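Encoded as C-alpha cells, the structure appears first; notes follow it.
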Amino acid sequence: MSGISCGIFNDLYLRLVEKIAPKTLLDIGAGQGKYADLTRQAGVQARMTATEIVPDYVERFGLREKYDEVLIMDAAQMVIDSSCRNRLYDVVTIGDCIEHIPKSQALDLLNFLAYRSAYTIVIAPEFLYYDVSGMEHSEAHISVWSEYDFQWHDRWAFMRSEFMQIFILRGYQPHPVSLEELVGNINTKPVSVHKQDGSVHKAAHLELRVRQRAELVDGAPYTFRNA
C-alpha cells in the first residue's frame, strides 16, 4: 500500500490538467509517481517537480525517471525553506498526502502555495482509517479534511464522492483558464468518478465557492480577483 493513491478521481484529474495545460507542476508527496503518469497520460508536457519525504521511495519507484526534479523533504518545510521561496508553478498537486500532515502545518503550506501557484489540486479522504503497522510513519492519517477547512480561500471548487474529496484552489499566479471555465467544463461535459473497485460511480459535479471583494477605485467600482 505504501505510496499508493486512491483512483476515484483519476478521470477528473486528467480532465483538469488537460484543460489547465500546465507548463510547470509540483507533485507534493509523490509516492509511486502516479500524478506524473496521469499528467503525461493527459498529453501535457510539463516540467514536473516532486517532493517525497521517504528517501527509499525515490529509488524504489523510479521517481527521478518520472520527474525532472525530486526534492527529498517534508513538504510542510517548504514554507520556511529559502530555496522554495521563489519557485512558481502552474499546478500543484497534493494527492492523498495532505491527511498525512498536521492540520496547522498543512494550512500554512496551502497559504504559501496560494501565492506561488495558479492552481492547487487537493485530493484527500475524510472518513478513512487503515492499520499502518509496519509502514512508514509518514503514511499514517493524522489530520481530517472537509470543505469547511477551505473557507478562508476566496476562489475554489470541490466535490465529494463517498469518503473521498477533491478541492481545486485558484492561486494568485496568472493562468488563461479561469476557475469558472474549469468548473463549467466539468459540469457540462460529464467525466466519470469511480468506486474503489474501478467501476463507474457517477458523473463529476463541482461546487463553486467564490467570495468577491469589491470597492471603489478612483470613483469606479472594481472587483479584485474576478478570474
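Couple of notes before you dig in:
- Picking from residues in segment 24-33 that are open to solvent by 10 Å² or more (accessible area, probe 1.4 Å) and more than 13 Å from the chain's Cα centre (by Cα), the one that is nearest to residue 117 (Cα to Cα) is 24.
- Residues considered: 105, 173, 151. Of these, the only one that is in contact with a strand residue (DSSP E or B) (Cβ under 6 Å, 6 or more places away or on another chain) and either open to solvent by 20 Å² or more (accessible area, probe 1.4 Å) or under 19 Å from residue 186 (Cβ atoms) (or both) is 173.
- In segment 57-76, residue surrounded by the fewest Cβ atoms within 10 Å (Cβ to Cβ) [restricted to those that are touching a helix residue (DSSP H, G or I) at 6+ places or on another chain (Cβ under 6 Å) and hydrophobic (A, V, I, L, M, F, W, C)]: 72
- Test: residue in segment 96-110 that is of a type in the set (S, T, N, Q) and assigned to a helix (DSSP H, G or I): yes
- Test: residue in segment 77-90 that is buried (at least 22 other Cβ atoms within 10 Å of the Cβ) and either assigned to a loop (DSSP other than H, G, I, E, B) or at pLDDT below 95 (or both): no
- When residues of segment 203-219 are limited to those that are of a type in the set (A, V, I, L, M, F, W, C) and at pLDDT 90 or above, the one farthest from residue 147 (Cα to Cα): 203
- A single member of 42, 76 is more than 24 Å from residue 20 (Cβ to Cβ), in contact (Cβ under 8 Å) with a residue 24 or more places away in the chain and out of contact with any Phe, Trp or Tyr (no Cβ under 6 Å at 6 or more places or on another chain), and it is 76.
- Within this structure, residue 47 passes the test of being within 18 Å of the chain's Cα centre (by Cα), farther than 15 Å from residue 145 by Cβ and either open to solvent by less than 60 Å² (accessible area, probe 1.4 Å) or not hydroxyl-bearing (Ser, Thr, Tyr) (or both).
The values are calculated or read from the model by the stated rules, or taken from the named source; none is laboratory data. Nothing here was measured: the structure is a model prediction, and the numbers come from that model. Because the Cβ atoms are built from the backbone with ideal geometry, glycine has one as well, and the counts that use them run over all protein chains shown. Note: accessible area is taken over every heavy atom of the protein model, side chains too, but ligands, DNA and RNA are not part of it. Shrake-Rupley method; radii C 1.70, N 1.55, O 1.52, S 1.80 Å.
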